[in-house]
Amino acid sequence: MIEISDEIQDLIFWFADGYAPQEICGAIADIHDKGRRFFAIDNIAENPEETFEMNPKGWQALAADGEIVAVVHSHPNGEPFLSGADRQMQIQTGLPWILAVGGRLKQFRCCPHLRGRVFEYGKADCGALIRDAFMLMGIDLPDHTRGDIDDDAEHEYLRKHFERVGFVRVSDGLCGGDVILTSYGGHANHAALYLGDGQILHHAYNQLSRREPFNQWWSERIDSVWRLPEFEPEMLQAVENDLLHSVDL
């Protein structure tokens with residue numbers, strides 16, 4: 001997450017309020033000898049009330065004057081997360097995106113699409129997938145330190161981590177947004193995000209991250225179910241937006 005001064009925040013809201021119901025767009029950049037500033041860039045989209053397209057000349061001029069550190073745009077209609085198209089463009093920029101919505105600025109780290117990731121323990125695994133999914137839903141959870149994959153499983157660090165960051169163990173059935181810990185070899189060593197409608201999103205060892213049915217094989221291996229108290233069901237739309245524009249597996 002990047003630091004945003006009160007001056008930058010006020011300026012972003014001034015533009016967002018002034019151009020509503022159109023989406024505004026721009027960027028935050030570190031300008032040589034002038035510090036960090038926000039720059040509005042013309043939205044040249046044909047339907048600016050529904051989306052945005054930055055004037056490339058404005059982007060190029062800003063890039064020539066300093067280092068762009070974040071993309072900024074607004075959602076006047078109040079959708080508090082990135083759309084599928086936003087996620088595609090964010091990944092192309094490789095930058096954090098900041099969304100002005102409902103009188104708040106929401107930051108979204110740049111992460112790969114949730115589906116189709118190549119497994120790499122500690123960087124692209126089940127824990128990283130769930131952390132990124134919640135970040136896109138507006139809840140930025142802390143990460144947890146990994147060691148040896150087998151040793152971590154034996155000591156059930158996943159269970160300890162989810163409890164430490166505020167999840168509560170539940171036993172009243174599965175709800176969308178719950179985290180399911182599954183056990184293999186006697187230890188809780190895998191986590192999946194329950195999407196509702198009998199579907200999970202997960203990243204298994206040496207496989208690509210994927211959405212798949214939560215079938216009997218999975219249900220027989222449930223260790224525990226964990227729920228974040230501040231989660232709201234409509235947040236799952238952010239995950240669906242990302243999955244809509246990622247590789248279908």
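The figures follow:
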item: Restricting region 88-134 to residues that are more than 22 Å from Thr51 (Cα to Cα) and among the aliphatic types (A, V, I, L, M), the residue that is surrounded by the fewest Cβ atoms within 10 Å (Cβ to Cβ); result: Val118
item: Some residue of region 227-244 being of a type in the set (Lys, Arg) and assigned to a loop (DSSP other than H, G, I, E, B); result: no
item: Residue satisfying all of: in region 71-87; among the charged types (D, E, K, R) and at pLDDT 95 or above; surrounded by the fewest Cβ atoms within 10 Å (Cβ to Cβ) among these; result: Asp86
item: Any chance Asp143 is surrounded by 15 or more Cβ atoms within 10 Å (Cβ to Cβ) and of a type outside the set (A, V, I, L, M); result: no
item: Residue match in region 161-179 (condition: in a strand (DSSP E or B) and within 21 Å of Cys111 (Cβ to Cβ)); result: yes
item: Ala40 being aliphatic (A, V, I, L, M), open to solvent by 40 Å² or more (accessible area, probe 1.4 Å) and at pLDDT below 95; result: no
item: Answer residue from region 19-35, given it is modelled with pLDDT of 95 or more and farther than 20 Å from Leu82 by Cβ and is least open to solvent (accessible area, probe 1.4 Å) among those; result: Ala29
item: Filter result for the condition that a residue is closer than 30 Å to Asp150 by Cα and either among the charged types (D, E, K, R) or assigned to a strand (DSSP E or B) (or both), over Arg87, Arg37, Arg115; result: Arg115
item: All positions within region 160-202 that are open to solvent by less than 60 Å² (accessible area, probe 1.4 Å) and among the charged types (D, E, K, R); result: Asp178
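The values are calculated or read from the model by the stated rules, or taken from the named source; none is laboratory data. Source: prediction; values computed, not measured. Ideal geometry is used to build each Cβ from the backbone, glycine not excepted, and the neighbour counts take in all protein chains shown. Note: areas computed on protein heavy atoms with side chains; ligands, DNA, RNA excluded. Shrake-Rupley method; radii C 1.70, N 1.55, O 1.52, S 1.80 Å.
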